[in-house]
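Scroll down for the structure; my scribbles are underneath it.
The values are calculated or read from the model by the stated rules, or taken from the named source; none is laboratory data. From a predicted model like this one, the values you see are computed outputs, not experimental measurements. Here the Cβ is made from the backbone with ideal geometry for all residues, glycine too, and neighbour counts use every protein chain on show. These accessible areas exclude ligands, DNA and RNA; they are computed on the full protein's heavy atoms, side chains included. Shrake-Rupley method; radii C 1.70, N 1.55, O 1.52, S 1.80 Å.
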Amino acid sequence: VGIRIGVVKRGCNGMSYTMNYEYPNGGQGCSIIDDKGVKLFLDTETEFYITGTVMDFVENPTEERFEFLNPNAKEVCGCNESFTV
């Protein structure tokens, strides 16, 4: 089991990240990265948008969330949910 990461057209800046579970027999049409025992499945059509992106898990007293630090993003919305490349 791993995590499939992709990008879809939505949000106030045009592009938004997606995350879903991916099972061992899946993974067609994507690149597979094994990092620290976690398999990441990257949709090949969205690799262009997320190459170089750092994904971090943020915990604080009010929330727990994944944060994407994308060097390709020209603009990011105020809630950090969507971006423009």
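Look at (1) in a loop (DSSP other than H, G, I, E, B); (2) touching a Cys at 6+ places or on another chain (Cβ under 8 Å) and you find that ASN25 fails only one, number (2). In the stretch 1-21, the residues that are at negative phi and open to solvent by 40 Å² or more (accessible area, probe 1.4 Å) reach residues that are part of a strand (DSSP E or B) and at pLDDT below 85 with C-beta atoms within less than 6 angstrom, at least six apart or across chains, in these pairs: CYS12/SER82.
For the stretch 61-85, the set of residues classified as more than 12 Å from the chain's Cα centre (by Cα), of a type outside the set (Val, Ile, Thr) and open to solvent by less than 60 Å² (accessible area, probe 1.4 Å) consists of ASN72, ALA73, CYS77, listed by residue number. Reported count of residues in the stretch 53-85, each being among the β-branched types (Val, Ile, Thr), out of contact with any Leu (no Cβ under 9 Å at 6 or more places or on another chain) and within 15 Å of SER16 (Cα to Cα), is 3. Residues that are among the small types (Gly, Ala, Ser), within 15 Å of THR84 (Cα to Cα) and within 14 Å of the chain's Cα centre (by Cα) within the stretch 9-51 comprise just one, SER16.
The single condition among (1) free of Cβ contacts under 8 Å to residues at least 40 places away in the same chain; (2) assigned to a strand (DSSP E or B); (3) under 15 Å from VAL7 (Cα atoms) that PHE66 does not meet is (1).
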